[in-house]
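See below for the structure under consideration.
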Amino acid sequence: FSFIAKPLFLALKWVYDHLVPNYGWAIVLITVVINVLLFPLKLKSMRSALKMQKIAPQIKAIQEKYKKLKLNDPRRQQQNQEVMDLYRKHGINPMGGCFPMLLQIPFLYAFYKVLALSIEMRQAPWILWIRDLSAKDPYYVLPIVMVVTMFILQKMTPMTTTDPAQQKMFLMMPLIFGIMFFNVSSGLVLYWLVGNIVGIAQQWYIN
């Protein structure tokens with residue numbers, strides 16, 4: 001993702017040189033811009049998620065109808081066909097809900113590379129206890145707040161599945177991300193945290 005990392009670094013440098021002489025606030029501003037630019041795609045995805053939420057009882061009814069069949073039973077194909085026909089009837093893309101998250105991955109990796117490789121980020125302070133954006137948060141405040149904002153965002157987002165096992169898995173996602181981000185650079189956690197806060201505002205608007 002160097003084709004994203006290089007322009008991202010240049011954008012951070014421009015914001016630092018012309019708007020705010022602090023790389024932490026530069027990350028905040030760039031993250032807001034990225035999320036605003038991705039908002040039309042997120043809006044489309046959320047509309048798809050809301051449609052999926054409405055037809056979730058019908059999908060559950062189809063699953064109940066075939067639940068006694070073995071996984072290798074040929075009639076399972078008929079179940080899949082009925083579900084796809086339902087999606088088609090309501091104009092739903094079943095992968096639409098994952099699209100905004102997938103779009104964030106290249107930017108996440110690009111921020112990781114910028115923070116890890118650019119000399120400008122070494123010992124670059126943000127506020128108070130964050131004295132080095134390329135190092136982990138010494139008090140783990142940012143990762144904890146990031147997990148909390150992920151939980152809030154998740155609660156605001158329509159649940160597209162009625163399967164209790166899948167719902168539990170979704171509820172575990174913020175904790176999994178929290179563990180992943182526990183020891184990474186504070187600048188990277190700041191990027192994801194700000195994205196969550198903007199996401200909460202956008203989700204409130206969508207709802």
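The values are calculated or read from the model by the stated rules, or taken from the named source; none is laboratory data. Here the structure is a predicted model, which means the values were calculated and not measured. Cβ placement follows ideal geometry from the backbone for every residue including glycine, while neighbour counts extend to all protein chains displayed. Protein only, heavy atoms only, side chains kept; ligands, DNA and RNA dropped before computing areas. Shrake-Rupley method; radii C 1.70, N 1.55, O 1.52, S 1.80 Å.
At 24 angstrom or more along the helix axis (alpha-carbon based) and mean Kyte-Doolittle of 1.0 or higher, what helices does the chain contain? Whole DSSP H runs only.
Working: long enough: 23-66 (56 Å, 0.58); 99-117 (28 Å, 1.49); 164-181 (26 Å, 1.11); 186-206 (29 Å, 1.07).
Helices meeting the span and hydropathy rule in the chain are 99-117, 164-181, 186-206.
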Choice from Gln154, Gln81, Gln123 with maximal GNM fluctuation in the chain (Cα, 10 Å cutoff): Gln81
Cα centroid separation, the range 27-59 to the range 65-92 (Å): 26
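Taking only protein heavy atoms and a 1.4 Å probe, what accessible area per residue, in Å², does the chain have with all protein chains in place? Let's see the in-between values first.
Working: 12450 Å² over 207 residues.
Here the per-residue accessible area is 60 Å².
Provide the gained length on full extension for the span Ser2 to Ile105, in nm with one decimal, where the gain is 0.36 nm per separating residue minus the Cα-Cα distance. Display every interim value, and only then the final one.
Details: separation 103, 0.36 × 103 = 37.08 nm, distance 1.30 nm.
Computed gain between Ser2 and Ile105 is 35.8 nm.
Give Lys42/Lys113; Lys113/Lys168; Lys113/Lys136; Lys6/Lys42; Lys44/Lys89; Lys89/Lys168 a once-over and call out the pairs whose C-alpha atoms are over 22 Å from each other. If you can, show how the numbers build up before the last one.
Numbers: Lys42/Lys113 25 Å; Lys113/Lys168 32 Å; Lys113/Lys136 15 Å; Lys6/Lys42 25 Å; Lys44/Lys89 17 Å; Lys89/Lys168 29 Å.
Over 22 Å apart, Cα to Cα: Lys42/Lys113; Lys113/Lys168; Lys6/Lys42; Lys89/Lys168.
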Pairwise label distance in nanometres, Leu10 with Leu171, each label 7 Å out on the Cα-Cβ vector: 4.7
Under the Karplus curve 6.51 cos²θ - 1.76 cosθ + 1.60, θ = phi - 60°, whole-Hz ³J(HN,Hα) for the range 126-139, x wherever Gly or Pro sits: 10, 9, 6, 7, 7, 9, 8, 5, 8, 10, 5, 5, x, 10
Max mean-square fluctuation residue, GNM over the chain, Cα-Cα springs under 10 Å, options Leu102, Leu12, Leu71: Leu71
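Averaging sequence separations of C-alpha pairs under 8 Å and six or more residues apart, then dividing by the length of the chain, give the relative contact order as a whole percent.
On the way: 214 pairs, mean separation 61.8, N = 207.
Once divided by the residue count of the chain, the mean separation gives 30 percent.
Report the gain in length on full extension from Leu50 to Val141: 0.36 nm times residue separation, minus Cα-Cα distance, nm rounded to one decimal. Each step should come with its number before you reach the end.
Working: separation 91, 0.36 × 91 = 32.76 nm, distance 3.33 nm.
Between Leu50 and Val141, full extension yields an extra 29.4 nm.
I need the per residue convex hull volume for the range 1-94, using only the alpha carbons, in cubic angstrom as a whole number.
Values: hull volume 14.9 nm³, N = 94.
Convex hull volume per residue, Cα atoms: 159 Å³.
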Positive-end residue of Pro21, Met84, Phe9, charge dipole of the range 1-93 with Cβ unit charges: Met84
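Under the Kirkwood approximation applied to all pairs of distinct alpha-carbon atoms, what is the hydrodynamic radius of the chain in Å?
Details: mean 1/r = 0.0524 Å⁻¹.
Kirkwood radius, the chain: 19.1 Å.
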